[in-house]
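Bear in mind that the values in this text are calculations on the coordinates, not laboratory data. Not measured: the values here are computed from a predicted model. Backbone-built Cβ (ideal geometry, glycine too); neighbour counts: all protein chains shown.
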Amino acid sequence: MMVVVSKYLTRFHIQGITLFPFVFIANSTLSNNVLLINHERIHLRQQLELLIVPFYIWYIIEFIIKLIKYKSWYLAYKNISFEREAYKNDNNLNYLKSRLRYSFFNYLWLHKI
């Protein structure tokens, strides 16, 4: 995992984003935020499982579907299966050791956050 500080993220109110193999964070102090880094590590694993490019295609399609459903950028984002898995487990620093492949499937059909 390569962490890169990008001040441009703050313009969009984004703390971190993972674009395999990089994790971009808004400022250098966030590199010490273990929950954020773990959240982004979960996304790295998801991206690898789907061979990277299909992950982004799925992510965008799911976001559009959720945006139509919820009519809210925030709710659409929070309800993407990849984000649900990452947010639910970012506080468990051992999650990736026990995580089963394609675990994000378990978060596809849950009710809105």
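Just a few scattered comments:
- Per-residue Cβ neighbour rank within 10 angstrom, fewest leading, Val34, Val3, Val23: Val34, Val3, Val23
- Relative contact order (percent, whole number), the chain, Cα cutoff 8 Å, 6+ residue spacing: 20 percent
- Selection of trypsin sites (Lys or Arg not before Pro), the stretch 1-78, meeting DSSP coil and at most 10 other Cβ within 10 Å: Lys7, Lys71
- Residues Ser103, Ser31, ranked from the fewest to the most other C-beta atoms within 10 Å, line up as Ser31, Ser103.
- Rounded, prolate or oblate (a/c below 1.5 giving rounded, otherwise prolate when a/b exceeds b/c) for the chain by Cα gyration tensor: oblate
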